[in-house]
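To start, the structure under review is shown below, and the notes come after it.
The values are calculated or read from the model by the stated rules, or taken from the named source; none is laboratory data. These numbers come from a predicted model, not from an experiment. Glycine also receives a Cβ, built like all others from the backbone with ideal geometry; neighbour counts cover every protein chain displayed. Just so you know, the surface numbers come from the protein's heavy atoms only, side chains and all, with ligands and any DNA or RNA stripped out. Shrake-Rupley method; radii C 1.70, N 1.55, O 1.52, S 1.80 Å.
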2 protein chains.
Amino acid sequence: MINLFLYNWMVRDEWFELCKQIPNDELTCNRSGGVGGIQKTLFHIVDVENSWIRGIQGKPDIQVQYDKYKSIRQVKDLSDSWRTEIRLFFETWNNEFEHEVVTVSWTNGSYTKGEILRHVIAHEIHHMGQLSVWVRDIGFQPVSANVIGRGPRNFFPSISPRGGLHL
Amino acid sequence: MINLFLYNWMVRDEWFELCKQIPNDELTCNRSGGVGGIQKTLFHIVDVENSWIRGIQGKPDIQVQYDKYKSIRQVKDLSDSWRTEIRLFFETWNNEFEHEVVTVSWTNGSYTKGEILRHVIAHEIHHMGQLSVWVRDIGFQPVSANVIGRGPRNFFPSISPRGGLHL
């Protein structure tokens, strides 16, 4: 399952790269669907991923405000800055965590850690589908969503028998 | 990982249900992005899933033509009809399959079974993101893509220690 996070990060970085070619007003204008825009969507997936992964670990949420992020470069910097900590968490993951229940500060209910990981994975892929429609509308070729065909198979690090990630 | 297929099936069925409220010409008209339309997208994800899951098992591909499927009901019937066989395959899944390599008839290259499962999962979620933009454009509330909050936690069947699915 951790492989799908690494896939998401690879796809996200390709979107950041594509965004360099897209005029700033197209990145920031309001659009129908999702959270309402290209740059805002990228900010949102970075924010949501970090919140849930911290939530799983019992760490307090870090509040970030979209209006402080004026460029796609700043959103990418935020994405990059949080990966080290998330990666360290993935190194500790093992299948026993799957059914452990956690609660988080920003929503009612309790969820298993496995359910949360799946939620974060699906959340990003779903939003990338929205980006693909929006950029096609303005004449750009979207980033491929393919999992297969992303270079050497060993892009995906091997998973230990306990399910932890060897990075 | 199999849980994400069950999530996809649940979300897909909710899309089929929503489509009952959407006029037929809106379901079948050409749209920008993805495979170009709502009904066509649902057909496409059903077709792609079945092809890859058969491919993993070394079974020949079943060719289906979109122009034979005139209504959303027929696409749902196709989706339902293939699930029994796919579910039986999931029952046999264990983590040793992860790195087994297969080739398929419709594309070059060889892929691991784990890579293919992840590809099929991401493929459907990505296309559902596209649907969400299109239906918002025509005034409908899209199906939620949330993994969490989909009713009782035991919706997701337990996974055996070998990784196989208890259905």
Query raised in the report: Under 20 Å Cα-Cα from A:K113, which aspartates and glutamates qualify once same-chain neighbours fewer than 8 residues away are excluded?
Result: A:D47, A:E49, A:D61, A:E85, A:E91, A:E96, A:E98, A:E100, A:E124
Query - Under 17 Å from the Cα of B:K40 - lysines, other chains or at least 8 residues apart - result: B:K20, B:K68, B:K70, B:K76
Query raised in the report: What does the charge add up to near B:G33, with Lys and Arg as +1, Asp and Glu as -1, over the other residues with Cβ less than 12 Å from its Cβ?
Result: +1
Query raised in the report: Considering protein heavy atoms only and a 1.4 Å probe radius, which residues within the stretch B:112-128 exhibit an accessible-area decrease of no less than 30 Å² in the full assembly relative to the chain by itself?
Result: B:E115, B:R118, B:H119, B:A122, B:I125, B:H126
Report task. Among the chymotrypsin sites (Phe, Trp or Tyr not before Pro) in the stretch B:74-148, which ones are in a DSSP loop with at most 14 other Cβ atoms within 10 Å of the Cβ? Mind listing them? Result -> B:W106
Query raised in the report: In angstroms, what radius of gyration and Dmax does the stretch B:2-153 have, counting Cα atoms only?
Result: 15.8, 46
**Report entry** Protein heavy-atom accessible area occluded, A/B pair - total, 1.4 Å probe, Å²
**Finding:** 3200
Query - Those GluC sites (Glu not before Pro) in the stretch B:1-107 that DSSP places in a loop and that have at most 12 other beta carbons within 10 Å - result: B:E100
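Over the stretch A:1-87, what lengths in whole Å, largest first, do the semi-axes of the equivalent ellipsoid take, defined as the square roots of 5 times the eigenvalues of the alpha-carbon gyration tensor?
23, 15, 12
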Query raised in the report: Which one of B:G129, B:G33, B:G109 has the biggest mean-square fluctuation once chain B is modelled by GNM with Cα springs under 10 Å?
Result: B:G109
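Excluding A:F89 itself, what net charge comes from residues whose Cβ is under 10 Å from its Cβ, given Lys and Arg +1 and Asp and Glu -1?
+1
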Query - Given chain B, longest segment not containing exposed loop trypsin sites (Lys or Arg not before Pro) (DSSP; at most 13 other Cβ within 10 Å) - result: B:71-161
Query raised in the report: Taking the Cα centre of the stretch B:2-153 as origin and charging only Cβ (+1 Lys, Arg; -1 Asp, Glu), how large is the dipole, in debye to the nearest 20?
Result: 260
Report task. Net charge near A:V104: determine it from the other residues with C-beta under 14 Å of the C-beta of A:V104, scoring Lys and Arg +1 and Asp and Glu -1. Result -> -2
Query raised in the report: Semi-axes, largest first, in whole Å: what does sqrt of 5 times each Cα gyration tensor eigenvalue give for the protein assembly as shown?
Result: 28, 27, 20
Requested in this report: Take every Cα pair under 8 Å in the stretch A:2-153 that's 6+ residues apart, average their separations, divide by the length, and report that relative contact order as a whole percent.
Outcome: 27
